[in-house]
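Undergrad: Below are the structure tokens for one structure; questions will follow.
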Amino acid sequence: MDPVFETFKMRAEAVNAEVHHFPHKNGALAFILNYLNDSGVRDLPQAYAVWASCPFLEGLDQRQISDSVPGVIFDVNREASAQAKVGISQLDWAIANTGTLMQDAAAVDKRLVSTLPLIHIALVQSDRLVADLPSALTKIRPEQTNYISFITGPSRTADIERVLTIGVHGPEKLIIVFFDGSGSVN
Amino acid sequence: METKFRESIARAVHNPNLTGALGRFSEAYRTSRAKAYEGYDFEALRTQIAERKSYAASHLDELADLFTKNAEARGTKVFRTNDPAKVRDYILNLARENGVKSVVKSKSMASEEIHLNKHLEAAGIDVGETDLGEWIIQLAGQTPSHMVMPAIHMTKEEVATVFNEQVEEGQKPHIPKLVKFARGKLRTKFLSAEMGITGANIAVAETGTLVIVTNEGNARLVTTLPKIHVAIVGLEKLMETFDDVVPVLTALPKSATAQLMTSYVSMISGPVPNTDGTPKQLHVILMDNRRTEMSQDPKFKQAMQCIRCASCLNVCPVFRLVGGHVFGKIYTGGIGTILTAWFDALKASDDIQSLCIQCGNCTEVCPGKIDIPGLILELRRRIAVEKGQPLAQKAIFSVVNNRRLFHSMLRAAYVMQKPLQKGNFIRHLPFFLSDMTEFRSLPAIAEAPLRDTIKKIQQPACNEKIAFYAGCLIDFAYPEMGESLVKIMNKAGIEVVFPEGQTCCGAPARYSGAYEVAAQNATDNIDVLLANDVSYVVSACPTCTVALKQEFIGTFESLGQTDALPRAHQLADKVIDFSSLVKKLVAEGRLKFKEGQQLGKITYHDSCHLKRTLHASQEPRQLLTQAGYEIAEMYEADMCCGMGGSYSLKLPEISAPILERKLINIKKTGAPIAVMDCPGCVMQIRGGLDKQNSTIKVEHTVQRLAKELE
């Protein structure tokens, strides 16, 4: 495996993120659907999954996804996100030496699905991996967007007795799913 | 010092929860910070930060204009003011105009600086802090005790009690459950608030961008859910270019919490759509509140380089004993003292600044390269100028500076101490002086000072001469240290001259803010020390060495006495500390150790000024190893022993527990001898061990080496 990816994986796991890699988009999709099923996503408040529009979804049949896992919502809004267990979005870049994900997050749905639910599944195209922060900042510039988000692991605090506790205001679980860009989808 | 302040110190040092939490944290911090910086060139990084922040401080007005222009071009409203009242009014009006009933805040020290919550609440607006620590102290009605971990002083039991009393009954002292409870309660607030208030860690002028760093994710919610976002930004957060973000964002998480990166960073350059599709109202308040004035002050401009990481708190031997409720106001610790003096009032920092022991730990870790102890001394000086020196202090300095009077008083004291003396120690002092001997014995004043005994030493005829600057402790309490030094130098073929007119190095005066007195000391010493043709001026007291080598210059500069500078520099060039000189002489082959000695374990304590100002920490260790000792390193060898010159007399309640830690660390090494390069540290540590009836021998390096050189 690519050493830059290995560095990313090591750094991200060190801050409590899960990292997966799939050579094809359909592998990634299958993993996600399985995960949603296993984690009890269903068409009930507190159990929805909200999926923000993203390049990964292009060419996929959203109805088919909703049929296979009831409760997956693509029309992301504030209320659904507040009632969701899982949020899914695609991040634009991954930064290896800190295990960080980076995103043009001007569109509000991207932030809703990655802040309100308990679990955040972050999709990243495998070739969108850079070594460090200076390289990342050449990829998305503030001139292009009003909101750039960086995510490194799940939400955390050590405010009580310095004991690390995961999941304060944001997700308590961050699952990073890399997929190779050109893979075909069945 | 106010009685109330003294009492607050006593309460803090006797609060085991507080000192335990802070102590454990500061110990863990040292290791985890080092690990976070692995593979980084910290010196290069902080040089870059200091340069970029200093540039910004010199171009504050220009950058504020540029930020305003660029942010407004993107639809942000920017309001700039020097007046805290106008900041509060702006936010209150905005809230009223938009019918805001509820506000959520992510951490903003700037808002605490201007007591914003109180004003909004008085107007009937509900204000919710959302950073967990800030929420806890808001509920408890307290101020933050640490800039990064505001509730570090509270136990989980205390947090549960606060939740039970202020929010909802039934909370147990179980940390994950308490966090979950907070998540649920604050989630409701996030979803209903009409306004979100944040601070910012960086404001980029070139792009009009705010950079906001959090771990909990609260800033992301505060900037996403409410329809109005107000960011209160102190002018010191301005930086010129977007590239300037890199060094700050590289250092801040590592220095603050030993993380490679915080969980979340948001870079906001303009309004984004709300969840209902309407555009967000984005307001940035560029708050001055004396920051421009600070940036124009030749000394305090440096303080604008602070990135608010709080590492100066984490490494401070005093902070870890008393915490931020004693050591600070809103802003806490070393840098907090400086910020309080400017953003609140100079007199508000009066008591707090006296807590700094001048050990210099913070200067080693500050990512903004700020000379925090130096700035605190400058505060002390300005306070002394403003309100005058205390009478008792004035009297002391007038005695110290009148050499004849001082020496005859010491002679008298030698006679008077007799009934109190046991061997070379004074173990108890009567009445109000008893605090001074409660935790350590004091050295007895020597029967004859070094200035008398040195004349009796038969020195061989030598080609080379050096001048010895003894300093008060060696001269009057420990003449044997000076005698050892003469013995060593003679072995190297060097004659030691003792210029009789030498007087106090001025450190006590300088550290009390009495710069005029220190300048007089400097002038007197320069005259006598430059009178002889010598190759070096050596001192075996690091504090005196620093005075001679650096502070004479600094004192003259502070007072604008530029005429005195050339001679001060001439002296500085000749001054060297004892261990560095001996190291040199050994390297040149002029001194040799006895061969093949195996002298067993010894432990070495780094004196603050020697290690952090003169940067000599390896020299004494190498010499002791060459002599045949095996160095058993003590834990936190370079942590202050609590002496700090007159500090231990002014604040014995802090000096004692700092010493206590040092003694434990010395004992743990199992070494029968502890050596150090400073007679002040010898006085403190030897006195402390004597009180505990310990058999560990405490000596100056000069005494140890004198025995082992051929």
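Undergrad: Sort B:295-305, B:131-141 by the packing proxy (mean of other Cβ within 10 Å over each peptide's residues), most packed first.
TA: Descending mean neighbour count gives B:131-141, B:295-305.
Undergrad: Can you sort B:TYR635, B:TYR478, B:TYR37 from fewest to most other Cβ atoms within 10 Å of each residue's own Cβ?
TA: Arranged by neighbour count, lowest to highest, B:TYR635, B:TYR478, B:TYR37 become B:TYR635, B:TYR37, B:TYR478.
Undergrad: Also, I was wondering about something else. Obtain the nm distance between the two label points defined at A:LEU164 and B:LYS118 by a simple spin-label model: each point lies 7 Å from its Cα along the Cα-to-C-beta direction.
TA: Each label point is offset 7 Å from its Cα along the Cβ direction, giving 3.9 nm.
Undergrad: Estimate the FRET efficiency between B:VAL415 and B:SER694 by the formula 1/(1 + (r/R0)^6), using the beta-carbon distance for r and 45 Å for R0, to the nearest 0.05.
TA: Once the sixth-power term is evaluated, E becomes 0.90.
Undergrad: Right, another one. Given labels modelled 7 Å from the Cα in the Cβ direction, how far is it in nm from B:THR161 to A:ALA131?
TA: Spacing of the two 7 Å Cα→Cβ label points: 5.4 nm.
Undergrad: Note down the nm distance, to one decimal, between modelled labels 7 Å out along Cα→Cβ at B:ARG24 and at B:GLU588.
TA: Inter-label distance under the simple model: 5.3 nm.
Undergrad: Binning at 10 Å from 0, report for region B:52-292 what percent of all alpha-carbon pair distances ends up in each bin.
TA: 7, 31, 37, 20, 5, 0
Undergrad: Right, next: Out of all DSSP beta bridges in region B:52-292, what portion is antiparallel? Express it as a percent rounded to 5.
TA: In region B:52-292, DSSP labels about 25 percent of beta bridges as antiparallel.
Undergrad: In Å³ and rounded to a whole number, note down the convex hull volume per residue for the Cα atoms of region B:1-140.
TA: Cα-based convex hull of region B:1-140, divided per residue, equals 220 Å³.
Undergrad: In chain B, what cysteines have no partner Cβ closer than 4.7 Å?
TA: B:CYS306, B:CYS309, B:CYS316, B:CYS356, B:CYS366, B:CYS462, B:CYS472, B:CYS504, B:CYS641
Undergrad: In region B:619-660, whose amide N lies under 18 Å from the spot 7 Å out along Cα-to-Cβ of B:GLU364? List them in ranges.
TA: B:619-622, B:632-644, B:658-659
Undergrad: At a Förster distance of 22 Å, what's the computed FRET efficiency of B:LYS668 paired with B:GLU708, Cβ-Cβ distance as r, to 0.05?
TA: For R0 = 22 Å, the calculated efficiency reads 0.30.
Undergrad: For chain B, what is the mean residue ellipticity at 222 nm derived from helices alone (per DSSP H run of n ≥ 4: -39500 (n - 2.57); sum divided by total residues; nearest 500 deg cm²/dmol)?
TA: -14500 deg cm²/dmol
Undergrad: Follow-up question, since we're still on this one. Measure of size requested: the Rg and Dmax of region B:600-708, with Cα atoms as the atom set and Å as the unit; please supply both.
TA: 13.0, 40
Undergrad: Straight-line reach from B:LYS583: which lysines have a Cα under 21 Å away, not including same-chain ones fewer than 8 places off?
TA: The qualifying lysines are B:LYS465, B:LYS487, B:LYS491, B:LYS549, B:LYS574, B:LYS592, B:LYS594, B:LYS601, B:LYS611, B:LYS707.
Undergrad: Taking the alpha-carbon centroid of each part, what is the distance from region B:133-152 to region A:25-76 in angstrom?
TA: Comparing the Cα centres of region B:133-152 and region A:25-76, I get a distance of 40 Å.
Undergrad: So, one more: Only residues of region A:88-119 count here: report those whose backbone N is under 18 Å from the spot 7 Å along Cα→Cβ of B:ARG187, or say none.
TA: In region A:88-119, the label zone of B:ARG187 (backbone N under 18 Å from the point 7 Å along Cα→Cβ) covers A:88, A:111-119.
Undergrad: Could you list, bin by bin from short to long, the percent of Cα-Cα pairs of chain B in 20 Å steps?
TA: 16, 46, 28, 9, 0
Undergrad: Can you compute the label reach from B:HIS407? Point 7 Å from Cα along the Cβ direction, backbone N cut-off under 18 Å, restricted to region B:473-516.
TA: Under cut-off, by backbone N: B:473-480, B:482-483, B:497-506.
Undergrad: Taking the Cα atoms of the protein assembly as shown, what is the range of coordinates along each of the three principal axes, in descending order and whole Å?
TA: 102, 61, 53
Undergrad: Counting DSSP beta bridges in the protein assembly as shown, what percent are antiparallel, to the nearest 5?
TA: 30
Undergrad: Starting from the Kirkwood Rh over alpha-carbon pairs, what translational D in µm² s⁻¹ does region B:519-636 have by Stokes-Einstein at 37 °C and 0.692 mPa s?
TA: Value of D from the Cα-based Kirkwood radius: 206 µm²/s.
Undergrad: A further question follows. Using a Förster radius of 22 Å, what is the FRET efficiency between B:ILE457 and B:ASP533 based on their Cβ-Cβ separation? Nearest 0.05, please.
TA: 0.60
Undergrad: I've got another one for you. Can you give the Rg to Rh ratio for region A:3-179, taking only C-alpha atoms and Rh from Kirkwood?
TA: For region A:3-179, the value is 0.95.
Undergrad: Let me ask something else about it. Can you pull the semi-axes for region B:265-315, root of five times each eigenvalue of the Cα gyration tensor, sorted largest first, whole Å?
TA: 34, 17, 8
Undergrad: Could you state, as a whole-number percent, how many of the C-alpha pairs of region A:91-156 are farther apart than 19 Å?
TA: 30
Undergrad: Report Rg (one decimal) and Dmax (nearest whole number) for region B:450-587, counting Cα atoms only, units Å.
TA: Rg then Dmax for region B:450-587, in Å: 14.7, 44.
Undergrad: Of B:LYS107/B:LYS650; B:LYS35/B:LYS667; A:LYS110/B:LYS107; B:LYS118/B:LYS280; A:LYS173/B:LYS118, which ones are farther than 30 Å apart at the Cα?
TA: Pairs exceeding the cut-off: B:LYS107/B:LYS650; A:LYS173/B:LYS118.
Undergrad: Using only Cα atoms, find the angle between the long axis of helix B:333-343 and the longest principal axis of chain B, and express it within 0 to 90 degrees, rounded to the nearest 10.
TA: The angle comes out at about 60 degrees.
Undergrad: Continuing with the same structure: Can you list the lysines whose alpha carbon is less than 18 Å from that of B:LYS69, not counting same-chain residues fewer than 8 positions off?
TA: B:LYS77, B:LYS237
Undergrad: For helix B:3-13, what angle does its Cα long axis make with the longest principal axis of chain B, in degrees from 0 to 90 and rounded to 10?
TA: Helix B:3-13 and the main axis of chain B meet at about 90 degrees.
Undergrad: At q = 0.16 Å⁻¹, what is the base-10 log of I(q)/I(0) for region B:356-511 according to the Debye formula with one equal point scatterer per Cα and no solvent? Please give it to two decimals.
TA: -1.12
Every number here is computed from the coordinates shown, using simple stated rules; none is lab data. Remember, predicted model here, so these are calculated numbers, not experimental data. We place every Cβ from the backbone using ideal geometry, glycine too, and count neighbours over all the protein chains shown.
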